[in-house]
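The values are calculated or read from the model by the stated rules, or taken from the named source; none is laboratory data. Owing to the predicted nature of the structure, the values given are computational and were not obtained by experimental measurement. Cβ placement follows ideal geometry from the backbone for every residue including glycine, while neighbour counts extend to all protein chains displayed.
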Amino acid sequence: MSNGKIIAVVGGPRSGKSFLVNLLAKHYGGVAILEGEEKDFPERIREDIQKNIRPLERIAWFRNKLVKEYFRAVEMKKEDKIVIVDNFWISYQLYIDALAKDFEGEVIHDIAFIDRQTLPWPDLTVLLSLSEDGIRDFVKRGGREFDNSEDFIKNQALPIHKLHNDFFTKEDVKEKVIVVQRDNLDFSNESDFRNLIQKIDGRI
């Protein structure tokens, strides 16, 4: 792989993105940019997620975070670095229809439209796809107290996973996407990880 690439690992909540980002960054000698863990989110945002409240505020906060981190990734790409990002700026947009309704949805959709017109896409995206059983399993052992309830699984995790799958398998997008069925894969297993690396190297 040549230098100066951005690879995004995307998927719904608790799908193992951060773990894979770190593995890929180590493999390619690149830089990992992570979404963050529980301690990295403001208390108010953790409350928004846990109680499923204030959707506009929550989406806007993640939008600003993802866009700023992506600007960092673009600058590092210019320095011929390989950057592996945990989600990217499109990711917040997939939460809009699941969380924001009516006027709030219209406001954030306008911001999303501007971002799509102005922000560059990654060189390659890896989508971690999970079945419903897989989502439940990963959420339950994910370790974050504010997003492991049954309400979170039903009203946030499941619909958001579906929105990721629907979006990243569309005809106009899937050309630069590797879809990985995550349920039975363990990327700490050398064989599973090597198979993914071969797919990435063949596409970038």
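Restricting attention to segment 34-43 and to residues that are out of contact with any helix residue (DSSP H, G or I) (no Cβ under 9 Å at 6 or more places or on another chain) and among the acidic types (Asp, Glu), the residue that is surrounded by the fewest Cβ atoms within 10 Å (Cβ to Cβ) turns out to be Glu43. Could you check, for segment 50-59, whether at least one of its residues is surrounded by fewer than 18 Cβ atoms within 10 Å (Cβ to Cβ), closer than 20 Å to Ser15 by Cα and touching a residue at least 12 places away in the same chain (Cβ under 8 Å)? Yes, there is a match, as at least one residue in segment 50-59 is surrounded by fewer than 18 Cβ atoms within 10 Å (Cβ to Cβ), closer than 20 Å to Ser15 by Cα and touching a residue at least 12 places away in the same chain (Cβ under 8 Å). Anything in segment 7-33 that is at positive phi, surrounded by fewer than 24 Cβ atoms within 10 Å (Cβ to Cβ) and at pLDDT below 95? List them, or say none. Answer for segment 7-33, where residues must be at positive phi, surrounded by fewer than 24 Cβ atoms within 10 Å (Cβ to Cβ) and at pLDDT below 95: just Gly16.
Entry remark, segment 90-118: residues being surrounded by 15 or more Cβ atoms within 10 Å (Cβ to Cβ), more than 20 Å from Val10 (Cα to Cα) and not aliphatic (A, V, I, L, M) number 2 in total.
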